[in-house]
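Report on one structure; see the data block that follows.
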Amino acid sequence: MALETSAETPVPLRVVAQQVAGWVGRLGRIWVEGQVTQVSRRPGTIFLTLRDPVADVSMSVTTQRRVVEDLDLRDGSHVVCLVKPEVYLGRGALQLVAYEIRPVGVGALLARLEALKVVLAGEGLFAAERKQPLPFLPRRVGLVTGRASAAMRDVVENARRRWPAVDFEIREVAVQGPGAVSAVVEALGSLDRAADVDVVVLARGGGSVEDLLPFSDETLCRAVAACRTPVVSAIGHEPDAPLVDFVADVRCSTPTDAGRRVVPDVAEGRVRIDRAAAAARRSLVARLDQERRLLDRASVRPALLRLVGQHVLDVNALQHRAFRHLEGRLAHAGSDVESLRSRVRALSPLATLDRGYALALGPGGTALRSVADATAGEQVTVRLADGSLVTTVESVTSRP
């Protein structure tokens with residue numbers, strides 16, 4: 001029953017705590033699921049924190065040592081617990097008392113993922129018609145990956161081998177363990193809202209089923225499906241198949257593969273253009289030769305000599321006009337190409353390097369924009385117009 005109180009007739013704090021404890025106690029024993037963090041072992045009693053891997057929610061749990069003595073309980077373990085909520089009156093704190101703790105095995109995890117996969121597929125999140133094509137040449141590539149990870153280097157380095165001027169907007173977040181889902185979803189949302197990001201890559205190296213579990217989370221899958229920007233999934237290795245692979249617009253087998261897919265290959269493009277130009281020349285020459293042979297055969301017929309003679313001047317005039325028109329079109333196209341080439345050179349960082357400047361790159365391949373981005377003793381790559389230097393930072397001095 002509600003307490004009858006007023007400023008003149010308050011109740012002691014202990015009464016409030018006892019009432020809350022009574023209300024909580026009516027919930028009884030329930031099964032809950034979560035990830036274990038901050039395990040503390042005391043004689044006879046184990047204290048731990050149970051965290052929801054999706055929401056930023058955690059609760060303290062106490063249990064007897066005998067409940068977990070046969071379990072390999074550690075940070076990040078996925079468990080289900082039979083608990084009873086209680087209020088510790090000494091501090092007025094809500095806690096859970098665990099009477100049974102069971103680890104969630106790989107088989108159980110795979111079964112749950114399969115059930116979730118059926119639900120998401122039934123809602124159409126895997127449908128091919130909702131997937132967006134990748135842009136031919138993105139202005140900026142968004143990348144969500146682990147902090148200073150090999151996956152980040154693989155994506156960036158392979159993309160820059162194909163298109164040296166590619167620009168990245170990188171978000172380094174936790175990609176494993178408690179908090180990974182919320183961190184990835186937040187980073188994905190910020191890149192999706194960025195007006196100049198044309199494609200977003202989710203990249204992570206390989207790992208166990210438990211390690212890759214955040215990328216099969218329902219919240220993350222729905223966040224990827226809601227993105228207006230095309231999303232590329234590059235999680236783990238070829239055999240790995242987290243659920244985000246099925247929701248993403250493009251699935252890459254590895255982060256290295258993602259670096260090759262998001263941008264075109266400059267060298268390959270030049271080869272294709274050269275081949276197309278050569279094929280066009282061969283086709284034009286062959287057509288002209290064919291028409292010339294037809295004219296030669298027709299010109300030797302007496303009945304056609306007079307007709308041919310009448311039109312020779314017209315054909316010559318048309319031929320000259322055609323050549324002048326073609327030369328004009330080629331000259332105009334050449335001017336357009338030269339203008340585009342000049343614009344590309346002006347926008348390219350290499351043009352700045354040709355004027356005597358240098359570009360400093362950190363260990364992760366990202367440009368150093370401030371002395372705060374470098375620390376003494378680490379290696380820095382200095383990009384010059386004709387190559388690169390690898391040097392070690394001896395000291396860092398801020399501009400007064």
**Fill in**
Scanning segment 115-145 for residues that are part of a helix (DSSP H, G or I) and of a type in the set (A, V, I, L, M, F, W, C), the one surrounded by the most Cβ atoms within 10 Å (Cβ to Cβ) turns out to be 120
**Request:** Kindly indicate which of 285, 266, 250 is under 14 Å from the mean Cα position of the chain (by Cα) and of a type in the set (A, V, I, L, M).
**Result:** 250
**Item:** Filter result for the condition that a residue is at pLDDT below 80 and among the small types (Gly, Ala, Ser), over 333, 280, 276, 303
**Value:** 303
**Message:** Looking only at segment 32-72, count every residue that is under 39 Å from the mean Cα position of the chain (by Cα) and assigned to a loop (DSSP other than H, G, I, E, B) and tell me the total.
**Reply:** 8
**Prompt:** How many residues, within segment 332-376, are surrounded by 10 or more Cβ atoms within 10 Å (Cβ to Cβ), without any contact (Cβ under 8 Å) to a residue 60 or more places away in the chain and among the small types (Gly, Ala, Ser)?
**Reply:** 11
**Prompt:** Looking only at segment 241-255, which residues are among the small types (Gly, Ala, Ser) and either within 18 Å of residue 110 (Cα to Cα) or assigned to a strand (DSSP E or B) (or both)?
**Reply:** 241
**Request:** Go through 39, 24 for me and flag whichever is in contact with a Pro (Cβ under 6 Å, 6 or more places away or on another chain) and surrounded by 14 or more Cβ atoms within 10 Å (Cβ to Cβ).
**Result:** 24
**Item:** segment 146-187, subset of a type in the set (S, T, N, Q) and either in the same structural domain as residue 363 (by TED's automatic domain parsing) or within 17 Å of residue 51 (Cβ to Cβ) (or both), residue surrounded by the most Cβ atoms within 10 Å (Cβ to Cβ)
**Value:** 182
**Prompt:** Got at least one residue in segment 180-195 being farther than 27 Å from residue 366 by Cα, out of contact with any Asp or Glu (no Cβ under 9 Å at 6 or more places or on another chain) and part of a helix (DSSP H, G or I)?
**Reply:** no
**Prompt:** When you go through 212, 202, 220, 243 one by one, which is the residue that is at pLDDT below 90 and not hydroxyl-bearing (Ser, Thr, Tyr)?
**Reply:** 212
**Message:** Return the residues of segment 68-94 that are surrounded by fewer than 18 Cβ atoms within 10 Å (Cβ to Cβ), among the hydrophobic types (A, V, I, L, M, F, W, C) and under 30 Å from residue 18 (Cα atoms); say none if nothing qualifies.
**Reply:** 80, 82, 89, 93, 94
**Prompt:** Among (1) farther than 28 Å from residue 211 by Cα; (2) touching a Leu at 6+ places or on another chain (Cβ under 7 Å); (3) of a type in the set (Gly, Ala, Ser), which single condition is residue 233 missing?
**Reply:** (1)
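The values are calculated or read from the model by the stated rules, or taken from the named source; none is laboratory data. Remember, predicted model here, so these are calculated numbers, not experimental data. Please note: Cβ atoms are built from the backbone with ideal geometry, for glycine as well, and neighbour counts cover all protein chains shown.
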